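What follows is a single structure, written as structure tokens, with notes after it.
The values are calculated or read from the model by the stated rules, or taken from the named source; none is laboratory data. Owing to the predicted nature of the structure, the values given are computational and were not obtained by experimental measurement. When we count neighbours, we look across all protein chains shown, and the Cβ atoms used for this are built from the backbone with ideal geometry, even at glycine.
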Amino acid sequence: MTPRNPQPPSAGDPEDHESTGDRQRHESSPRPSLSARSRGEGWDVPEGGLAKYRSRWRAAARFVLQRGIFRLVMHSAITPSSEVHRRVRSVRGPYVLVANHTSHIDAPLLAESLPWSQARYLSTGVAYDYWFTHRPRRWLVRSLFNAFPVDRDGSRKHSGTSRRLLRSGVPILVFPEGGRQTDGRMKDFKPGGAALAIGVGVPVIPAAIIGGYEAMPKGRSWPTPGRPAVGVVFGEPMIAEEGESAVDFSARIRERVKTLYDQHYDEILAPGGRDEEEAE
């Protein structure tokens, strides 16, 4: 079952953090509603193995683990901050959360920084060959991140899981760079996440993680000493325009994430120490 068509928005929605181009596009055409009942209903009822991704008791346990125990551990190692665009709180039903990938702290920071009404069933794709073939690791990622398996060996055994989750009302987290950054610079975005959002008809929530690479660059198993600052900024949700290709939508999402990153870098990490090549 696919979702019903979204309803037109009410007047006066905020347009914080929009680029000039985005604002001009929105002035010429109304923005679709993110809070219509049709976005929280009308999805397939998850069955079989998918049912656990919308389990209420699992979500309650995840709340305790994520926002209680794990938050204390993470806050002992870093100094986190977050900013959430007000329209994010209006999102109902599934969506695709798209962020730059800086370090191993990205997924837990994103999960705990989202409002719980949006993060309740958020599912993160993790490597099947590492996380799902070892029982304690599988339990950990399922408990903390509502994780689903992703094949890295080309077997396609779990191909289509992310689409089935979205159709079952489960939002997913995507890191479209394809891997953690190796030099602190944002890579090009692969269009898979954008294609999912277009194909299922769900919004994209863009998010910029700032300071993750500086705090825990690739190769480290724990953040650097001194509780370094790491921030996440959730931008205004985005919906593909009529006829927009996955490649073009993905490029527009990357532009939004990069803009959020540039706009908030100094306030999170303070001036100085930034690589000049980072500003594109």
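Here are the numbers:
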item: Among residues of the stretch 200-216, those that are farther than 26 Å from A246 by Cα, touching a Ser or Thr at 6+ places or on another chain (Cβ under 7 Å) and of a type outside the set (F, W, Y), counted; result: 3
item: Extreme residue, farthest from I105 (Cα to Cα), among residues of the stretch 134-160 that are free of Cβ contacts under 8 Å to residues at least 24 places away in the same chain and among the polar types (S, T, N, Q); result: S155
item: In the stretch 174-197, residue farthest from L110 (Cα to Cα) [restricted to those that are modelled with pLDDT under 90 and either in contact with a Pro (Cβ under 8 Å, 6 or more places away or on another chain) or among the β-branched types (V, I, T) (or both)]; result: T182
item: Breaking point among (1) over 22 Å from A127 (Cβ atoms); (2) in contact with a helix residue (DSSP H, G or I) (Cβ under 7 Å, 6 or more places away or on another chain); (3) assigned to a helix (DSSP H, G or I); (4) not acidic (D, E), for A197; result: (2)
item: Long-range neighbours under 9 Å by Cβ, at least six apart or interchain, first residue farther than 13 Å from N146 by Cα within the stretch 61-75, second outside any helix (DSSP H, G or I); result: R71/P80; M74/P80; M74/I105; M74/P223; H75/R227
item: Whichever residue in the stretch 216-246 is outside any loop (DSSP other than H, G, I, E, B) and closer than 16 Å to V202 by Cα and, among such residues, is nearest to the chain's Cα centre (by Cα); result: M238
item: Filter pass, G219 being surrounded by fewer than 24 Cβ atoms within 10 Å (Cβ to Cβ) and either under 22 Å from T79 (Cβ atoms) or at pLDDT 95 or above (or both); result: yes
item: Near pairs, Cβ below 6 angstrom, 6+ apart or cross-chain, from the stretch 254-280 (closer than 24 Å to G192 by Cα) to any residue that is modelled with pLDDT of 95 or more and among the polar types (S, T, N, Q); result: V257/N100
item: Within the stretch 32-143, helices (runs of 4 or more DSSP H) holding 1 or more residues that are modelled with pLDDT of 90 or more and surrounded by 19 or more Cβ atoms within 10 Å (Cβ to Cβ); result: 56-64, 106-113, 116-119
item: Where a residue in the stretch 99-128 is closer than 23 Å to A215 by Cα and its partner, wherever it lies, is crowded, with 22+ Cβ neighbours inside 10 Å and acidic (D, E), with Cβ under 7 Å and at least six apart; result: A99/D106
